[in-house]
1. Normalise the Debye intensity by I(0) for the stretch 223-309, one equal point scatterer per Cα, no solvent, then take log10 at q = 0.16, 0.17 Å⁻¹ and round to two decimals.
2. Counting alpha carbon pairs within less than 8 Å and at least 6 residues apart, what relative contact order, in whole percent, applies to the chain?
3. Mind putting a number on the dipole of the chain about its Cα centre? Charges go on the C-beta only, +1 for Lys and Arg and -1 for Asp and Glu, and I need it in Debye to the nearest 20.
4. Out of residues 5 or more away from ASP204 or on other chains, whose amide H comes under 5 Å of its own, with H placed 1.01 Å from N in the peptide plane?
5. Sorted from largest to smallest, which semi-axis lengths in Å does the alpha carbon gyration tensor of the stretch 58-131 give for its equivalent ellipsoid, taking the root of 5 times each eigenvalue?
6. Sort ARG251, ARG50 from largest to smallest accessible area, using a 1.4 Å probe on the heavy atoms of the protein chains.
7. Regarding the stretch 159-309, what is the average projected area of its C-alpha convex hull, in nm²?
8. Across the stretch 262-271, in residue order, what do the Karplus-derived ³J(HN,Hα) couplings come to in whole Hz, using 6.51 cos²θ - 1.76 cosθ + 1.60 with θ = phi - 60° and x for Gly and Pro?
Amino acid sequence: MTRISRTALQLATAAAVAATMVGCGDDKPTDPNIAGGDIRGSVNSEGLVRTFILHIPPGNDPDAPSPLVVVFHGNTMTGAGMQDLTEFGRFADEHGFLVIYPDGIDGGWSIGCDCTTADQLGISDVKLIETLLTNIPSSFAIDLDRVYLAGFSLGGTFAQVAGCEMVGRVAGVASVGSSLPTRLQDDCPLQTPVPILYMLGTEDPLLPYSDGTENFLSAPETLAHWASFNGCQGDAEEVTEPDLDPGDLTRVRFERFSDCDGGTEATLYTVEGGGHTWAKGQRPLGLAVGVVSQDVWASEVITEFFLRH
């Protein structure tokens with residue numbers, strides 16, 4: 001695979017190349033492929049300069065395509081905030097995949113509701129992902145058969161929207177703090193099964209777990225929808241995780257349909273007593289969003305899920 005030089009990678013301007021990728025600081029390695037590290041970069045998508053952070057694991061081989069996990073932040077957050085919240089980098093370093101944290105426009109994503117700046121401007125964040133997938137491989141080899149999407153809250157909603165629109169180009173989707181948008185029930189162009197995982201809290205004040213809302217299915221309805229779409233057979237495996245921190249007043253259980261078409265699955269992690277939070281993460285939206293479970297780490301759960309697919 002043709003690669004631009006590391007000097008060009010760090011110094012070229014957006015006018016010279018489609019993607020400008022600039023090192024985070026002088027203390028960062030000059031060659032992330034050797035020592036690993038973060039690169040702050042930008043691409044031009046639909047006439048706008050869009051920024052992101054790309055995490056490279058140590059020892060990355062530019063000639064051996066690596067999986068890529070694209071992580072979408074919650075409403076009003078940033079890619080940097082999502083990086084701090086999830087710490088996917090430590091799992092990327094262990095398992096050898098790349099992680100990219102894009103920045104939404106005004107902290108939001110285009111989800112088709114006319115309720116975010118991107119939607120109001122007619123900007124497609126799916127096109128942003130496609131631009132990233134076109135430009136990043138010029139410097140870092142990406143296995144385009146192993147591109148995964150994960151997100152929290154509004155970012156979890158967008159991960160599902162993008163998973164639907166990027167037909168055949170997404171190997172798995174994980175959504176925390178967002179169930180299935182009702183409009184995607186009948187307006188998702190997917191024609192083949194896709195592995196999908198949800199993690200939702202029963203005490204989420206923004207998204208009622210059992211009842212859903214006008215715009216979102218309940219958690220049980222979401223799992224049933226994907227189990228049906230993925231052609232899953234039999235009953236779901238049900239497991240209650242160990243209560244590692246009784247003081248957090250949560251218990252975590254999961255239901256997993258694994259006998260599904262194409263080797264896919266449909267999985268729901270239920271955080272009993274959990275709020276609108278990222279398990280074992282911080283509270284990015286403030287204390288009002290509820291309890292953060294310490295019994296599982298959402299980032300670890302999602303990494304293991306992606307590795308299965």
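1. -0.69, -0.76
2. 13
3. For this selection, approximately 960 debye.
4. TYR209
5. 28, 15, 7
6. ARG251, ARG50
7. 8.4
8. Here the 3J(HN,Hα) series is x, x, 7, 7, 9, 10, 10, 9, 9, 9 Hz.
The values are calculated or read from the model by the stated rules, or taken from the named source; none is laboratory data. On a predicted model such as this, the values are computed, not experimentally measured, just so you know. Virtual Cβ from ideal backbone geometry, glycine too; neighbours counted across all protein chains shown. For accessibility, only protein heavy atoms count, side chains too; no ligands or nucleic acids. Shrake-Rupley method; radii C 1.70, N 1.55, O 1.52, S 1.80 Å.
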